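Comments concern the structure below.
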Amino acid sequence: MATKHTLTFVLMDAPFESARTTTAFRLLHAALDRGYDVNVFAYEGAVALSFAKQAQHPNAVHGRDVAQEDHPLSKNWIAALMAHARTRGADLKWVNCGLCVDERGVGEAIEGARRGSPADCWKMAQQSTATLVIPTK
Amino acid sequence: MRGYLLIESRDPFESTGAARTCELAIQLRAAGHDVALFLVQNGVLAVRSGARRTELDKVLGTKIEVLADDFSLRERGIAPASLSGGVKAAPIDSVVERMAAGWNAIWH
């Protein structure tokens, strides 16, 4: 039987800005695909990744309405990762730094993402096989 | 002794930090650690055969494994056949695999 690992990822980038977010989500997916438990601690701009009020928009330049544009939202990617975790028997814990949330007014997170503190990050790292911090520049 | 996975995401022709990552990899290897370098995003721009990248060449001259994210390669139109010798295309799973094995993963 394969060993059950827990991996922690610490994310800093705000949504809609950097390729690092895409890479981070690919890493989360790969870990969950293996059935590993995954912790995410989001701080600074990354706390907006799970903001429930993200909304799609039309693209007037290309003449596309909201449905045609189908702009990807990070909150939906996170929800999809959480659903994927359940199918793989894995656990995805998503914790947002509360101070960073308050600074940005993004308190309404999607279901499954909770508010926490840097102490959670420390605990996650302590309880994980490995931790990867993906900082901004 | 734990292994070190250094993840380089920056364009080496734009960021001097990428060269520092190569130096760190070489130093860790010299200290006796297992070391792998995983290139991702614009970090893969140096792996085209014929590209001028002194620091990466130094890494390739050691026993350090150099991996290039296959997704990043495809995004940038870099075919696996055009990679310089010693560089292997690899899935993002390679990072997860080493983390699960207890390697220290460091992102730059």
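Taking each residue of A:17-29 in turn, how many C-beta atoms of other protein chains fall within 10 Å of its C-beta, and what is the average? If you can, show how the numbers build up before the last one.
Values: counts 0, 2, 6, 4, 0, 4, 10, 1, 0, 9, 8, 2, 3.
Taking all residues of A:17-29 together, the mean is 4.
Using only Cα atoms, find the angle between the long axis of helix A:74-87 and the longest principal axis of chain A, and express it within 0 to 90 degrees, rounded to the nearest 10.
The helix A:74-87 is inclined about 40 degrees to chain A.
Compute the separation of the alpha-carbon centres of the stretch A:69-111 and the stretch B:56-108 and state it in Å as a whole number.
Answer, in whole Å: 28.
What ranking, highest mean first, results for peptides B:94-106, A:68-80, A:84-96 when packing means the other Cβ atoms within 10 Å averaged over each residue?
Working: B:94-106: 19.9, A:68-80: 15.6, A:84-96: 18.1.
Put in order of decreasing packing, that is B:94-106, A:84-96, A:68-80.
Which whole-number percentage describes the relative contact order of chain A, with Cα contacts under 8 Å and a sequence gap of 6 or more?
Values: 232 pairs, mean separation 48.5, N = 137.
Reported relative contact order: 35 percent.
Using only the Cα atoms, work out Rg/Rh for the stretch A:81-137, with Rh taken as the Kirkwood radius, to two decimals. Mind showing how you got there, number by number?
Numbers: Rg = 13.0 Å, Rh = 13.0 Å.
Ratio of gyration radius to Kirkwood radius for the stretch A:81-137: 1.00.
Hull surface divided by four, with the convex hull built on the Cα atoms of the protein assembly as shown: how many nm²? List each step's numbers first, then the result.
On the way: hull surface 60.8 nm².
So the mean shadow area of the Cα hull is 15.2 nm².
About the Cα centre of the stretch A:49-131, what is the dipole size in debye to 20, counting +1 per Lys and Arg Cβ and -1 per Asp and Glu Cβ, all else neutral? Kindly include the intermediate steps, with their values, before the conclusion.
Numbers: 10 positive and 9 negative charges, 58 e Å.
Roughly 280 debye, rounded to the nearest 20.
Under unit Cβ charges (Lys, Arg +1; Asp, Glu -1), what dipole magnitude, rounded to 20 debye, does the stretch A:1-86 have relative to its Cα centre?
Details: 8 positive and 8 negative charges, 56 e Å.
Here the stretch A:1-86 has a charge dipole of around 280 debye.
I'd like the mean, over residues of B:95-108, of how many other protein chain beta carbons sit within 10 Å of each residue's own Cβ. Spell out each step's value before the answer.
Values: counts 8, 15, 3, 1, 13, 11, 4, 3, 2, 3, 8, 2, 9, 3.
For peptide B:95-108, the averaged partner shielding equals 6.
May I ask you to list the aspartates and glutamates whose Cα is less than 15 Å away from that of residue B:88, ignoring any residue fewer than eight positions away on the same chain?
Those aspartates and glutamates meeting the cut-off are B:8, B:57, B:65, B:69, B:70.
With the crude spin-label approximation of a point 7 Å out along Cα→Cβ, what separation in nm comes out for residue B:52 versus residue A:115?
5.5 nm
With the contact rule set at Cα under 8 Å and sequence spacing of 6 or more, what percent relative contact order holds for the stretch A:53-132? All intermediate terms of the calculation are to be shown ahead of the outcome.
Details: 56 pairs, mean separation 16.2, N = 80.
Normalised by residue count, the contact order of the stretch A:53-132 is 20 percent.
Which order do peptides A:44-51, B:62-69 fall in by mean Cβ count within 10 Å, highest first?
Working: A:44-51: 24.5, B:62-69: 20.2.
Sorting A:44-51, B:62-69 by mean packing, highest first, produces A:44-51, B:62-69.
List the equivalent ellipsoid semi-axes of the stretch A:6-134 in whole Å, largest first, each obtained as the square root of 5λ for an eigenvalue λ of the Cα gyration tensor.
Working: eigenvalues 133, 61, 30 Å².
Computed over the stretch A:6-134, the values are 26, 17, 12 Å.
Does anyone have the angle between helix B:17-30 and the longest principal axis of chain B? Alpha-carbon axes, 0 to 90°, nearest 10?
On a 0 to 90 degree scale, this one is about 40.
Nearest 100 Å² is fine: what is the total accessible surface buried where chains B and A meet, probe 1.4 Å?
Values: alone 5810 and 7790 Å², together 11900 Å².
Buried surface at the B/A interface: approximately 1700 Å².
In the calculated pair distance distribution of the stretch B:4-107, what percentage of Cα-Cα distances lie above 18 Å? Intermediate values should be presented prior to the final figure.
On the way: 2166 of 5356 pairs.
I get 40 percent for the Cα pairs in the stretch B:4-107 exceeding 18 Å.
Calculated FRET efficiency, residue A:83 and residue B:13, Cβ-Cβ r, R0 35 Å, to nearest 0.05?
Values: r = 40 Å, r/R0 = 1.14.
After rounding, the FRET efficiency stands at 0.30.
Can you give the mean number of other chain Cβ atoms that lie within 10 Å of the Cβ atoms in peptide A:123-131?
Values: counts 0, 0, 0, 0, 0, 1, 5, 12, 3.
Counting other chains' Cβ atoms within 10 Å and averaging over A:123-131 gives 2.
Under the Karplus relation 6.51 cos²θ - 1.76 cosθ + 1.60, θ = phi - 60°, what is the ordered set of whole-Hz ³J(HN,Hα) values for the stretch A:36-45, x standing for Gly and Pro?
6, 6, 10, 10, 10, 10, 9, 9, 6, x
How large is ³J(HN,Hα), in whole Hz, for each residue of the stretch B:71-78 in order, when computed from phi with the Karplus curve 6.51 cos²θ - 1.76 cosθ + 1.60 and θ = phi - 60°, using x for Gly and Pro?
So the Karplus estimates, Gly and Pro as x, are 5, 5, 5, 4, 4, 9, x, 9 Hz.
Only Lys, Arg, Asp and Glu count, each charged at its Cβ (+1, +1, -1, -1), so figure out the dipole size of the protein assembly as shown about its Cα centre, rounded to 20 debye. Could the numbers behind the result be given before it?
Numbers: 28 positive and 27 negative charges, 97 e Å.
Using Cβ point charges on Lys, Arg, Asp and Glu, the protein assembly as shown gives about 460 debye.
Which lysines, on any chain, are close to residue A:123 with Cα under 21 Å apart, when same-chain ones fewer than 8 places away are left out?
Within the straight-line cut-off, residue A:123 pairs with A:4, A:93.
Order B:49, B:82 by their accessible area, 1.4 angstrom probe, all chains in place, largest first. Don't skip to the end; give the middle numbers.
Values: B:49 80, B:82 45 Å².
Per-residue accessible area, sorted high to low, gives B:49, B:82.
Leaving out ligands, DNA and RNA but keeping every protein chain, what accessible area does residue A:43 have, in Å² rounded to the nearest 10, with a 1.4 Å probe?
Accessible area of residue A:43: about 50 Å².
The values are calculated or read from the model by the stated rules, or taken from the named source; none is laboratory data. Just so it is clear, the structure is predicted and the values come from calculations on it, not from any experiment. We place every Cβ from the backbone using ideal geometry, glycine too, and count neighbours over all the protein chains shown. Side chains included, ligands, DNA and RNA excluded: accessible areas come from the protein's heavy atoms. Shrake-Rupley method; radii C 1.70, N 1.55, O 1.52, S 1.80 Å.
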